[in-house]
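What follows draws every value from the coordinates through simple rules; no lab data is involved. Predicted, not measured: the structure shown is a model, and the values here were computed from it. Positions of Cβ are backbone-derived with ideal geometry, glycine not excepted, and every protein chain shown enters the neighbour counts.
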Amino acid sequence: MVIEIDDSGWGDLIGGVVIVLRRVETNEKYSDEIPLELFKEPEFKYKAYLRYTTRIILDGLDALKVPKTEAIHICTGYVFEHAKDTLRELGYKITEVKIVGMTQDLAERTFIESLMDKGIGEFHEIASMRSFNGFLAWVKDDLESREKYVKTGWKNWKKHRDT
């Protein structure tokens, strides 16, 4: 059995970051979201999102009843740095890999659904504008009411906000 762990939303201007765990052989899944607030000051400078990622993964491993003997394939992304160290310390067997296929698709879909839940738009609208420039244009169309959805801790936002 193999557990795959992936994220979606890390590089996106808006929304939080979704973390998903999926047992490949049975398609059992667990997901949760790092709240957008952790990507805004003052929380952003303390990198609280790294500890939150670890909490989500540990909760997911508990929910899926993952024994320490089960292989865990975890995405190579930065958001997992703290989690990888913690999992190793706890005795889990992890391998860093590029996650593709069903788990990646699940993460992407779950992220878009999280934006839908925030009232940002319908699935096809969000998917079609999903890029830094697409989200930037959407936010700037109504900056006053949409800036609340932005990861304002990112340097890219500070650089592009007033251009």
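With 32 Å as the limit, the listed pairs Lys68/Lys151; Lys118/Lys159; Lys40/Lys68 have Lys68/Lys151; Lys40/Lys68 beyond it between alpha carbons. The modelled label-to-label distance for the pair Asn27/Lys40, using points 7 Å beyond Cα in the direction of Cβ, is 3.8 nm. Taken about its Cα centre, the chain carries a charge dipole of about 520 debye when Lys and Arg each add +1 at the Cβ and Asp and Glu each add -1 at the Cβ. Rg over Rh for the range 2-73 works out to 1.03, using Cα positions for both radii and the Kirkwood form for Rh. Highest average first, the peptides 4-13, 99-108 ordered by how many other beta carbon atoms sit within 10 Å of their residues are 4-13, 99-108.
Can you give the Rg/Rh ratio of the range 119-163, where Rg is from the C-alpha atoms and Rh is the Kirkwood radius?
Checking Rg against Rh, the ratio lands at 0.95.
Helical content of the chain, expressed as a calculated mean residue ellipticity at 222 nm, amounts to -12000 deg cm²/dmol (DSSP H runs of 4 or more residues, -39,500 (n - 2.57) each, divided by residue number, nearest 500).
Taking other C-beta atoms within 10 Å as the exposure proxy, Glu41, Glu147 rank Glu41, Glu147 from fewest upward. With q set to 0.17 Å⁻¹, the log10 of I(q)/I(0) for the chain, from the Debye formula over equal scatterers at the Cα positions, is -0.99. Note that the range 32-40 has calculated 3J(HN,Hα) couplings of 7, 10, 6, x, 3, 4, 6, 10, 10 Hz, one per residue in order, obtained from phi through the Karplus relation 6.51 cos²θ - 1.76 cosθ + 1.60 (θ = phi - 60°); glycine and proline are x. A full extension of the chain between Lys148 and Asp162 corresponds to an added length of 3.5 nm, given 0.36 nm per residue minus the alpha carbon distance.
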